[in-house]
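> My structure is below; once you've seen it, I'll send some questions.
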Amino acid sequence: MVRKPVLSVRKTMAFVVAMGLAGLATGCAGGGSNNQPEDGPVEIRFSWWGNASRAELTNKAIAEFEAANPNIKVKPEYGDINGYFDKLATQVAANDAPDVITMGGAYPAEYANRGALLDLSKVSGSLDLSKLDQGAVENGQVKGTQYGVSTGANALAIVVNPAVFQAAGVEMPDDNAWSWDDFAKIAKEVTEKSPKGTYGTATVLTHDSLDAFARQRGQSLYTQDGQLGVEKDTVQAYFDYSLKLSESGAAPSASETVEKLNVSTEQTLMGMGKAGMMLTWSNSLSALSKASGAELKLLKLPGETPTPGIWLQSSQFYTISARSKHTDAAAKLVNFLVNNEAAGKIIQSDRGVPGNSAIRSAIQDQLTPQGKVEAAYIDQIGKMEFAPTYIGPTGSTAVSEITARINTEVLFKRLSPEKGAEQWLAESKAAIGK
C-alpha cells in the first residue's frame, strides 16, 4: 500500500456529525455488542483498501476462515484508498457500516471518539490479544480502551530502485550517515543522468514525512495531550525543502506532482520504474517491486542523526463497528486474521510484519525476497531508540489533506514556504480544535 493524503476529510466528517454520529456515544452505550456465541448462520461485511494483489490474498484468507467457521459468511468490500474513507464516513452516518472495518492513521481515534467503534474488551471471549506484542496491542488503544487490532508493524523508509541508480551511473546512498542535503544532491544527480521523465526521487513531502521532519528536530506532530507539537520554523523548513527539490529537478515539477497525487501503486513513478527513490511505508516494498518489475531496496531515512525521526507504527488496524449485529462473528474473523497460522501464511507481510511472534516464525521461510527485506528492516528499526508517537486527536485526519494542499500551493509558488507554514498552523489548529 502507498499511503496517500486523505481527500475531503473535513467535508466527510462534517457530514458524519450532521447525520448524528456524535450521538452514537450514547446511542451505543452497550455498543450494540453481542458477545454471545452465535449458533445460526450469519453474514458479516469486511472492508479494506488496497490493490488487486491484496484483494486476492485477503479473499484467500477469508475462504480459510469460512471453511473453519461454516456458520459465518464474510462479504468483502474493498477498493482503492482514494475515496475509501469518504465512503466509510457516509456508511457510518447512515448506520450502514461494515462489521469489520480496516482503518489506518488517526481514524481509529476519530471514530472511537464519536462512539462508532466497539470496545474490543466486550468480545474478549472471541478475540485473543495476549498473543500479540505489547506494542502492537497498545497501538490500537485510544485513551486506554482497545478499539483496534494492529495488522502488523510498519515504518517510514526510502524505497530505492538500484537499477535506476546503475543506469545513471550514480552510487547507492549510505543510509547510515546521510542527511537531507545529501538526499537532495543525490536525487538531483540521478535526474540529470537519467532519461527525461525519470527522477531522482518521487514526491517526498507528505503528512508522514512532516512528522519525521519534526521528530528529528526534537518535536512531534502531535503531543500526548492532543495538541500540535511542531513549530512554525520546522513546517517552514519542510515546505522550503519540498520547493527546492522540485525547483532543482531532483523531484517532479508542481504540475507533475499534482498528477501523481492519490494514484494507485502501479501509477506512481516508483511503480513505473521512473524514480530512483521514494519516501513511503516499508510494507509498500512488495507491491512497488511487483509493479516496477525491479528488485527494490529499503533504506533508513536521511537526517536520523543525532535525533531519529523514525518510529514503528501499525500498518493498519482491524476495528469492529459499534452497530454490528454480529460482534462475536466479527471478533472471530479479526482473531483469525492476526492469530491463525493459515491466515498468516497467506497474508504474510502485506499488511505489515505480524505482531504475533508465532506467526512471524511460521511465515519466515515463506516470505518473498521483498517480504524478508521488509521484515529485516522492521527488525532493524525495532532495535533503535526513538521518541514515543501519539495517535492524532479528533480532527487530525483533516491535517493530512491540509498538508498536501498547502504543499501544492507552495510548489506552484502561490504561497511562500513561510506563508505556507503560517496557514498550515492556523488551519491545523482549527481542524483539531486546539
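Every number here is computed from the coordinates shown, using simple stated rules; none is lab data. Not measured: the values here are computed from a predicted model. Methodologically, a virtual Cβ is constructed for each residue, glycine included, from the backbone with ideal geometry; neighbour enumeration extends over all protein chains shown.
> If I fit a long axis through the Cα atoms of helix 180-192 and take the longest principal axis of the Cα atoms of the chain, what angle between them do I get, 0 to 90°, rounded to 10?
In the chain, helix 180-192 runs at an angle near 70 degrees to the longest axis.
> If you don't mind, another one. Can you tell me the FRET efficiency between ASN59 and GLU247 if r is taken as the Cβ-Cβ distance and R0 is 45 Å, rounded to the nearest 0.05?
After rounding to 0.05, the efficiency reads 0.50.
> How far is it, in nm, from the label point at ASP379 to the one at LYS260 when both lie 7 Å from their Cα along the line to the Cβ?
The answer from the label model is 3.2 nm.
> At 0.36 nm per residue, and after removing the present C-alpha to C-alpha distance, how many nm does the segment from MET172 to ASP128 gain when stretched out fully?
Here the answer is 11.4 nm.
> Put +1 on the Cβ of every Lys and Arg and -1 on every Asp and Glu Cβ in the stretch 295-370; which of GLN364, THR327, ILE346 then has its Cα farthest towards the positive end of the dipole?
THR327
> Taking a ≥ b ≥ c as the square roots of the Cα gyration tensor eigenvalues, with a/c under 1.5 meaning rounded and otherwise prolate when a/b beats b/c, else oblate, which class fits the stretch 167-208?
Note, shape of the stretch 167-208 comes out oblate.
> Using only Cα atoms, tell me the angle between helix 369-382 and the longest principal axis of the chain; keep it within 0 to 90° and round to the nearest 10.
Approximately 90 degrees, to the nearest 10.
> Find how many whole Å separate the alpha carbon centroid of the stretch 352-426 from the alpha carbon centroid of the stretch 243-280.
What the calculation gives is 17 Å, centre to centre.
> In the chain, what % of DSSP beta bridges are antiparallel (nearest 5)? Mind dumping the intermediate values first?
Details: 22 of 35 bridges.
Roughly 65 percent of the beta bridges in the chain run antiparallel, per DSSP.
> How big, in percent, is the set of alpha carbon pairs in the stretch 107-266 lying more than 28 Å apart?
On the way: 5248 of 12720 pairs.
So the portion of pairs separated by more than 28 Å is 41 percent.
> Using only the alpha-carbon atoms, what does the stretch 222-320 span along each of its principal axes? Please give whole angstrom values in decreasing order.
Computed over the Cα atoms, the extents are 43, 43, 30 Å.
> Using only Cα atoms and rounding to the nearest 10 degrees, what angle (0 to 90) does helix 52-68 make with the longest principal axis of the chain?
That helix lies at roughly 20 degrees to the long axis.
> In addition: Once Lys and Arg get +1 and Asp and Glu get -1 on their Cβ, which of PHE165, GLY115, THR307 lies farthest toward the positive end of the dipole of the chain?
The one lying farthest along the dipole's positive direction is GLY115.
> Give LYS122/LYS429; LYS73/LYS345; LYS290/LYS419 a once-over and call out the pairs whose C-alpha atoms are over 29 Å from each other. Kindly include the intermediate steps, with their values, before the conclusion.
Numbers: LYS122/LYS429 34 Å; LYS73/LYS345 21 Å; LYS290/LYS419 40 Å.
Violating the 29 Å Cα-Cα cut-off are LYS122/LYS429; LYS290/LYS419.
> Can you list the trypsin sites (Lys or Arg not before Pro) in the stretch 171-268 that are in a DSSP coil and have 13 or fewer other beta carbons within 10 angstrom? Present the calculation step by step, with values, prior to reporting the outcome.
Values: sites: LYS185, LYS188, LYS193, LYS196, ARG215, ARG217, LYS232, LYS244, LYS260; in loops: LYS193, LYS196, ARG217, LYS260.
When the trypsin sites (Lys or Arg not before Pro) of the stretch 171-268 are filtered for loop state and at most 13 Cβ neighbours within 10 Å, LYS196 remain.
> From the helices alone, meaning DSSP H stretches of at least four residues, give me the mean residue ellipticity at 222 nm for the chain, per-run term -39500 (n - 2.57), in deg cm²/dmol to the nearest 500.
Computed mean residue ellipticity for the chain: -12500 deg cm²/dmol.
> A follow-up question, please. Would you please give the FRET efficiency between ASN82 and ALA426, computed as 1/(1 + (r/R0)^6) with r the Cβ-Cβ distance and R0 = 25 Å, to the nearest 0.05?
Once the sixth-power term is evaluated, E becomes 0.40.
> Pop the C-beta distance of SER357 and LYS193 into the FRET formula with R0 = 56 Å and round what comes out to the nearest 0.05.
Computed FRET efficiency for SER357 and LYS193 comes out at 0.80.
> Explain nothing, just the number: dipole magnitude of the stretch 292-369 about its Cα centre with +1 on each Lys and Arg Cβ and -1 on each Asp and Glu Cβ, in debye rounded to the nearest 20.
260
> Here is a follow-up. What does the charge dipole of the stretch 155-290 about its Cα centre add up to, to the nearest 20 debye, if the Cβ of each Lys and Arg holds +1 and the Cβ of each Asp and Glu holds -1?
320
> On to the next question. Straight-line reach from LYS188: which lysines have Cα under 18 Å away, leaving out those fewer than 8 places along the same chain?
Qualifying lysines at Cα under 18 Å: LYS196, LYS244, LYS274.
> How about the stretch 213-300: which GluC sites (Glu not before Pro) there are in a DSSP loop, with at most 14 other Cβ atoms within 10 Å of their Cβ?
Hits after loop and neighbour filter: GLU295.
> What value in Å³ per residue do you get for the convex hull of the alpha-carbon atoms in the chain?
124
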